[in-house]
Amino acid sequence: MKTPTSSTETQLEIQSIMVELPPEVIISILSRLQVGRLLCFRSIAKPWRSLIDSPYFVDLHLEKSAEAKSHLSLILRKDSDLYYINFDSLDDAVELNHPLMCYSNRIRVLGSCNGLLCICNVAEDIALWNPSTKKYRVLPSLPSDRKRDSGMCLCGARVYGLGYDAGHDDYKLVRISQFIGLDYLSFESEVKVYSLRNNAWKKVEDMPYVLCYTRKMGILVSGCVHWVVTRQLELDQLATELVIAFDIVKETFREVPMPESMNRICQIDVGYLGGCLCIVAKYEDAGVDVWTLKEYGVKESWSKLLTLTQARRIKSVRPLVYSKNGREVLLEQDHENLVWFDLKSQRVKSVKVRGLPDLFEAVVCMESLVSVHPSRRDDRKKQESVGGKKNKKRDDFLAEGFKLVL
């Protein structure tokens, strides 16, 4: 009978095996592991912790996960609770212990980016949270918005969006507050951006559009956050809806070209699917179309992905993620169900998940090691200017008994 080994013996065995491997092989293996396993490996030795915590390895792990479309999960929101579903199995909805007090009210998911979730409670406490590492940071509070102009009422709508500024290695949260005139003919907006690196808010240029839907999370694609808007207030008729993008680096707004052949007499929503921006167009009597923008910024690359007929009596649809073989799309339907849509047969198949809430909103999240407390290191561009030093440090780290500090 084999004698059980202790945790310490197992760790020493793993360490002895890994040290015998070439440095690049060790890093390659580690960079493909789930975050939970990596957090366990941090306890093997201080040098392992130094590697796994290093900006170099955090970026590498994120890059490998994005390339392989691995380590994906669904985060479901219902009232004051959040749930986690592993995408590989889609079997159980597990309740998460998030860091905000909810006072028996709803929690909101304001954005998702590189494994970070931004959440908010009824008191407008906002936290940037990594569900995989369980680390979080509460953002500085903002005063309640009130326009000095007596002709403007209080905030009529407010939306948020989370994104990553690669140029400055910074995560940013965008907040758009809109104010409607007492005559319901005029409006103003106020846009503020929070910088994680600076841990501060700042005001940027206003947005000259009317928000269509309050409390809608901005959709991040290709370095821009997207919302549905109209150009002006049109209370007595159906306004033409369009999509605007906020560039996270430039901190400016622009319109997104819409599909030429799409019937514009519809309600639209924006989403993210397989790295592409998508539009969900809902028609009053003709079902739902989902369009995807294959090449961001190229109007001609819009393509209709799927159509759901009105016979299905669908109220709302949110595309979430492709299946691993790319033949099916996972949809959130009517905030009640998760279904697979077969792109070839056009058939819908329900997904049975234990513990699935009766009403929910889903968002896709990728596990990561991204920290909510960025180090005050030199500008990333300065690091890149040293060229091969990065790889040399990586090899020295492992080859010399794991003594690297990146």
### Summary
Residue by residue through the stretch 199-214, the couplings from Karplus 6.51 cos²θ - 1.76 cosθ + 1.60 with θ = phi - 60°, in Hz, x for Gly and Pro, are 6, 8, 9, 9, 8, 10, 4, 5, 9, x, 9, 9, 5, 7, 10, 7
### Backbone N under 14 Å from the residue 294 label point (7 Å along Cα→Cβ), restricted to the stretch 264-281
276-277
## Note on the structure
Distance in nm between residue 64 and residue 42 label points, each 7 Å along Cα→Cβ, equals 1.7
### Near-label residues of the stretch 245-277 by backbone N, under 17 Å of a point 7 Å along Cα→Cβ of residue 284
263-268
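At R0 = 30 Å, how high is the FRET efficiency between residue 141 and residue 251 if r is their beta carbon distance? Nearest 0.05 is fine.
Working: r = 21 Å, r/R0 = 0.71.
It comes to 0.90.
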### Query
Between residue 124 and residue 361, what is the FRET efficiency for a Förster distance of 25 Å, r being their Cβ-Cβ separation, to the nearest 0.05?
0.85
### Message
Could you compute how much accessible surface residue 219 exposes when probed at 1.4 Å, giving the result in Å² to the nearest 10?
### Response
10
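A 19 angstrom limit on the alpha carbon distance is what I want to check against. Which of 172/216; 134/324; 64/134; 216/299; 135/202 exceed it?
134/324; 64/134; 216/299; 135/202, as the Cα separations exceed 19 Å there.
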### residue 97-residue 206 pseudo-label distance in nm [points 7 Å out on the Cα-to-Cβ vector]
4.6
### Task
Return, ordered by residue number, the residues of the stretch 279-295 whose backbone nitrogen is under 16 Å from a label point located 7 Å along Cα→Cβ of residue 264.
281-282
### Query
Can you give the extra length, in nm with one decimal, that the chain gains between residue 195 and residue 25 once fully stretched, where that is 0.36 nm per residue apart less the Cα-Cα distance?
57.6 nm
### Rounded FRET efficiency, nearest 0.05, which uses the C-beta distance separating residue 84 from residue 309 and R0 of 25 Å
0.15
### Task
Compare the peptides 247-257, 166-176 by average per-residue count of other Cβ atoms within 10 angstrom and give them in order, highest first.
166-176, 247-257
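The values are calculated or read from the model by the stated rules, or taken from the named source; none is laboratory data. Remember, predicted model here, so these are calculated numbers, not experimental data. Because the Cβ atoms are built from the backbone with ideal geometry, glycine has one as well, and the counts that use them run over all protein chains shown. Just so you know, the surface numbers come from the protein's heavy atoms only, side chains and all, with ligands and any DNA or RNA stripped out. Shrake-Rupley method; radii C 1.70, N 1.55, O 1.52, S 1.80 Å.
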